Amino acid sequence: MENTRTEAKVRLEVSQYVKSLSTSQDIEQVIGTLRKLASYLDNGSHEEIAPGQREEFNRTQYTGILKFLVSSLKADSLQLLTSAQCSELWDGMFLRGPPDQALLVLMDYIGSSSPSAGQDRVVDILERYLKSGRLTALLWYRCQGSFSPDSPQLRETLLGRLVSLPDLTANHLHPHNRPLFLPDQYYPLLARELNIALERTCQALRGGQDCSLSFVAQLLGKACVQGHSELMFKELAPRLSTNTRSDMVWQRVCWRLMEDVPERWMESVVTGLVQAVEGPKALSRIMGNMVVKNKKAQFVVTHKLLLLQYKYETRVVRTLVGYLAQDRERRPLLIQVLRSLCQTWANSSAVRHTPVEQQLYLSRALLLCLGLLSASELQELRAELLHCMLGGMQCHLDSSVMRVRRVGMIVGECLSARLDACGPQLKFQYEEDEETQELLSMLDPLPAEDFVPADRPDPLQTNQSSEIEGQSSPQAVIPKTSSVDRVPSADQGGESELDSDDELTPYNMSGDTEMTKAAPPRYLRDCLDALMSSEDPERVELSLCAVAGLVRKNSFTAKEVSVQLTKVLLHLENKYNTPGFLGLRQTAMIAITVTDCIPVTEFLTAEFYGMNYSLRQRLDILEVLALSAQELSEPITEKNRLTQGNQPATKVMPVDPSDDPLHWQQVVEQRIQSKTRRFAKGVSQPPGSACPNRYAPVAGFFFFPLLQNYDRPQVTFDMLGSDHLVLGRLIHTLGVLMHLAVNAPVATQMGRTLLDFVWTVRYHADQVVRRGVLFAICSVFLSMPSQNLLSELSDHLLETRAWLADVAEGDPDTDCRSLAMQCLVLLEKSMKRGLEHPAMAIQS
């Protein structure tokens, strides 16, 4: 009964105040009415308002009063107030009452109003609302639990207004938005206010007061799921990490905060926290053992962040694995993660169908888990790790991608060293770079929390080192200059002057040649005999070095023995460890192919599918064909003219001490030439003369024989099966031959044949083959004339375009996606040119 009377009394008084504000033109009456309304909000006012009446006003009448005030912004009564009175009385109504109701009224008015002076007034109040700490009051009001139960719809509306405030204000205030409403400033402010609310919660818990973190957890989750986790945790994570170092109450508050995050938003919160926190210890203090209690968090930490996604830095992987290894209750999850990583790493299908970046990510996580195992756990998992090492190394070493093979070698070495530290170790030969060093460092212990990375040096140490360098630099220069300018004194004896070698000029030995017992061969047949039957390493080396030059000088003799010499070079082995053996042999074979093109090409293309050849020899054949075609497609120029034309006019050659001294006029002329800047000097070399393309008439001999027997498996060679490395190189070579045949009469037939060939292997599992297919298609679009492309391949273009779009969007390999995009661009340009030329012909 008492509550009913209080409610009626408050309603009657508020209605009288509203009527007075609506009709009054007296400034004193308006000010008095606003002060009476403000007395319901301020405990320290002179008006005697019962607590029950104040509570009833805040519960039932406050929102209506605020809506009335914003709707009467253009009323005459408001115009009577001065700026100070408006700021104190009118604005104070929004800044002293329940903060959640005030925020909802302000945001609703901004969303429904048009640009006007009234809207600017409300925007000013909202900006003061944020700057005056009302967000902290709102969050703390919700944490106390003293409010009456509200509906889920009201809570969702309030959460939406808080999280989407930058979006809402940008939509309605653009281009007059305030800087405080931008995401870069608003979300860090929201994170700081949230941290203050958590601090008040800790103080209340120490005083024995109950608090609820449900609303704060929902606010954090909703902000993170909308993509603002980086801005939120950039402010929040360092503060939580610092506060939880030695305060158990803070740790319990953080644990409860994470546990109260709804399931649908848990992934965004955990992901943002893991990326922002520094080290596994800080993550353990903030999250606790929530990964054991919450299945969603467990799935995110143990599966999604380590097995499915691979975009995170190594620091994040260290934090995750170290977090699982920190506590005894989380150690079983570390073993579970290690088993999953081993199964994935040793899965041949995963190696073939996942990007190289993801395989590197999995390898880092695997090595980090391996380094954190204890001796008992290592003994328990020994059989599984051994199976992982053997199967995974085989899968990785079978790959045609060099980075994948190198990853398999490094992980195999680390597994071998960890499983049997005292026994024989696996050791591979591979090129060391930053990637390999990073993988090898994964077995090292985790760095301490106060560890300063190399890319973030300590400023104090930097300043000290710079001061030391500045003090020591003059002392370091003096000995250097004194050693150069040292002059012998007159007191020294004649023997010291005679023994001194400082004045002697070193003799120029750059043109000297090494003395050899055997003379280099002068005839091509002598080279052939030496390569076939000689057992003298020096003679074999000299013959191999002289073959290319003799072939180019003696073309008639080279044509007589070209096929036989090519066969000998193709089967030649490096028995004597000759320096640069592969390059010398390749150069010689290229010279023979260019000199006697058709017979040698027919021999090489036939032997490519021959019996008893190794994969290395077949790859050598493809390289020789591609490089020979490239040399044939280039114009013939005089080397002397080319070298003279390439020298810049202002270049001055250094003076050799062994040469005759130049005249002083020549020295002066050279200095003038070097200091003179010319903007135009005319034609530095005559224009190149036209010459026939030597590759165009023989392009078919290079191209078509390579497509004859690709689908016929042999005992030692199955290109469509296990030898996919050769298949990828073959398709790439065909693409090179197609590109070099641009403007050749046979280019159209070559393009149609190549497109039919690669179309059958476009879905190959090996990424090297798919890259070769896309490169070949690029070569077809570049080399075929646009009119012939539309007329000859019109049936395939639409299907090819759809396939390229799918590859550009969904292929796991980055290079394949990039090549597919280039193919689409080339196809669009070719189709555009092909459609323009018929139109131009009709107009003419």
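The values are calculated or read from the model by the stated rules, or taken from the named source; none is laboratory data. Keep in mind the model is a prediction, meaning the values are calculated, not measured. Methodologically, a virtual Cβ is constructed for each residue, glycine included, from the backbone with ideal geometry; neighbour enumeration extends over all protein chains shown.
Yes or no: residue 599 modelled with pLDDT of 90 or more and either under 26 Å from residue 697 (Cα atoms) or exposed (fewer than 12 other Cβ atoms within 10 Å of the Cβ) (or both)?
Yes, satisfied.
Given (1) farther than 16 Å from residue 600 by Cα; (2) modelled with pLDDT of 90 or more, where does residue 702 come up short, assuming only one miss?
(1)
Each row is one residue, and each column tells you yes or no for (1) crowded, with 21+ Cβ neighbours inside 10 Å; (2) modelled with pLDDT of 90 or more; (3) out of contact with any Leu (no Cβ under 7 Å at 6 or more places or on another chain).
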site: 557; (1), (2), (3): no, no, no
site: 561; (1), (2), (3): no, yes, no
site: 565; (1), (2), (3): yes, yes, no
site: 568; (1), (2), (3): no, yes, no
site: 582; (1), (2), (3): no, yes, yes
site: 587; (1), (2), (3): no, yes, yes
site: 592; (1), (2), (3): yes, yes, no
site: 595; (1), (2), (3): no, yes, yes
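Going by what's in this entry, would residue 776 be described as within 29 Å of residue 359 (Cβ to Cβ), modelled with pLDDT of 90 or more and either of a type in the set (D, E, K, R) or crowded, with 23+ Cβ neighbours inside 10 Å (or both)?
yes
Can you list residue pairs whose Cβ atoms sit under 9 Å apart, with the first residue in segment 696-713 being among the small types (Gly, Ala, Ser) and the second being part of a helix (DSSP H, G or I) and surrounded by fewer than 15 Cβ atoms within 10 Å (Cβ to Cβ)? Count only pairs 6 or more apart in sequence or on different chains.
none
I'd like the full set of residues that are of a type in the set (D, E, K, R) and modelled with pLDDT under 80, limited to segment 502-542.
502, 503, 512, 514, 517
If a residue has to be out of contact with any helix residue (DSSP H, G or I) (no Cβ under 7 Å at 6 or more places or on another chain), part of a helix (DSSP H, G or I) and over 30 Å from residue 376 (Cβ atoms) to count, how many in segment 394-431 make the cut?
Residues flagged as out of contact with any helix residue (DSSP H, G or I) (no Cβ under 7 Å at 6 or more places or on another chain), part of a helix (DSSP H, G or I) and over 30 Å from residue 376 (Cβ atoms) within segment 394-431 amount to 1.
If only one of 399, 376, 363, 416 is surrounded by 18 or more Cβ atoms within 10 Å (Cβ to Cβ), without any contact (Cβ under 8 Å) to a residue 40 or more places away in the chain and of a type in the set (S, T, N, Q), which one is it?
Within the list 399, 376, 363, 416, the selection yields 416.
Name the residues in segment 306-340 that are among the aliphatic types (A, V, I, L, M) and either in contact (Cβ under 8 Å) with a residue 60 or more places away in the chain or farther than 18 Å from residue 281 by Cα (or both), would you?
Answer for segment 306-340, where residues must be among the aliphatic types (A, V, I, L, M) and either in contact (Cβ under 8 Å) with a residue 60 or more places away in the chain or farther than 18 Å from residue 281 by Cα (or both): 306, 307, 308, 335, 337, 338.
Any idea how many residues of segment 703-729 are in a helix (DSSP H, G or I) and over 40 Å from the mean Cα position of the chain (by Cα)?
Number satisfying all stated conditions: 2.
Being closer than 24 Å to residue 398 by Cα and either among the hydrophobic types (A, V, I, L, M, F, W, C) or touching a residue at least 12 places away in the same chain (Cβ under 8 Å) (or both) narrows it down to one of 735, 728, so name that one.
Residue meeting the stated conditions: 728.
Conditions (1) part of a helix (DSSP H, G or I); (2) among the acidic types (Asp, Glu); (3) out of contact with any Asp or Glu (no Cβ under 9 Å at 6 or more places or on another chain); (4) in contact (Cβ under 8 Å) with a residue 12 or more places away in the chain, marked per residue:
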| position | (1), (2), (3), (4) |
| --- | --- |
| 543 | yes, no, no, yes |
| 567 | yes, no, no, yes |
| 588 | yes, no, yes, yes |
| 605 | yes, no, yes, yes |
| 616 | yes, no, yes, no |
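Please determine whether any residue of segment 179-187 is part of a helix (DSSP H, G or I), closer than 23 Å to residue 244 by Cα and either of a type outside the set (Phe, Trp, Tyr) or under 29 Å from the mean Cα position of the chain (by Cα) (or both).
Among the residues of segment 179-187, at least one is part of a helix (DSSP H, G or I), closer than 23 Å to residue 244 by Cα and either of a type outside the set (Phe, Trp, Tyr) or under 29 Å from the mean Cα position of the chain (by Cα) (or both), which makes the answer yes.
Residue under question is residue 556, and the condition is that it be out of contact with any Phe, Trp or Tyr (no Cβ under 9 Å at 6 or more places or on another chain) and over 30 Å from residue 731 (Cβ atoms); does it hold?
So residue 556 passes the test.
Determine which member of the set 293, 281, 304 is surrounded by fewer than 21 Cβ atoms within 10 Å (Cβ to Cβ) and under 24 Å from residue 356 (Cβ atoms).
That would be 304, the only listed residue that is surrounded by fewer than 21 Cβ atoms within 10 Å (Cβ to Cβ) and under 24 Å from residue 356 (Cβ atoms).
Counting residues that are of a type in the set (A, V, I, L, M, F, W, C), under 29 Å from residue 816 (Cβ atoms) and within 27 Å of the chain's Cα centre (by Cα), which helices (runs of 4 or more DSSP H) fully inside segment 298-393 reach at least 1?
Counting at least 1 such residues, we get 314-326, 331-345, 348-353, 356-371.
Residue by residue, here is whether (1) touching a Gly at 6+ places or on another chain (Cβ under 9 Å); (2) free of Cβ contacts under 8 Å to residues at least 12 places away in the same chain; (3) crowded, with 16+ Cβ neighbours inside 10 Å holds:
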residue: 162; (1), (2), (3): no, no, yes
residue: 182; (1), (2), (3): no, no, no
residue: 194; (1), (2), (3): no, no, yes
residue: 203; (1), (2), (3): no, yes, no
residue: 242; (1), (2), (3): no, yes, no
residue: 265; (1), (2), (3): yes, no, yes
residue: 271; (1), (2), (3): no, no, yes
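Of the residues that make up segment 572-585, is at least one over 48 Å from the mean Cα position of the chain (by Cα) and of a type in the set (Lys, Arg)?
Taking every residue of segment 572-585 in turn, none turns out to be over 48 Å from the mean Cα position of the chain (by Cα) and of a type in the set (Lys, Arg).
Check 746, 742 and return the single one that is without any contact (Cβ under 8 Å) to a residue 60 or more places away in the chain, touching a Ser or Thr at 6+ places or on another chain (Cβ under 9 Å), closer than 20 Å to residue 629 by Cα and surrounded by fewer than 19 Cβ atoms within 10 Å (Cβ to Cβ).
742
Could you list all residues from segment 703-721 that are within 17 Å of residue 765 (Cβ to Cβ) and exposed (fewer than 11 other Cβ atoms within 10 Å of the Cβ)?
Listed by number, the list holds a single entry, 721.
Tell me which of these residue 170 doesn't satisfy, since it passes every other one: (1) over 24 Å from residue 272 (Cα atoms); (2) over 33 Å from the mean Cα position of the chain (by Cα); (3) among the small types (Gly, Ala, Ser).
(2)
Can you tell which of 104, 154, 158, 138 is surrounded by fewer than 21 Cβ atoms within 10 Å (Cβ to Cβ) and modelled with pLDDT of 90 or more?
Only one candidate qualifies: 104.
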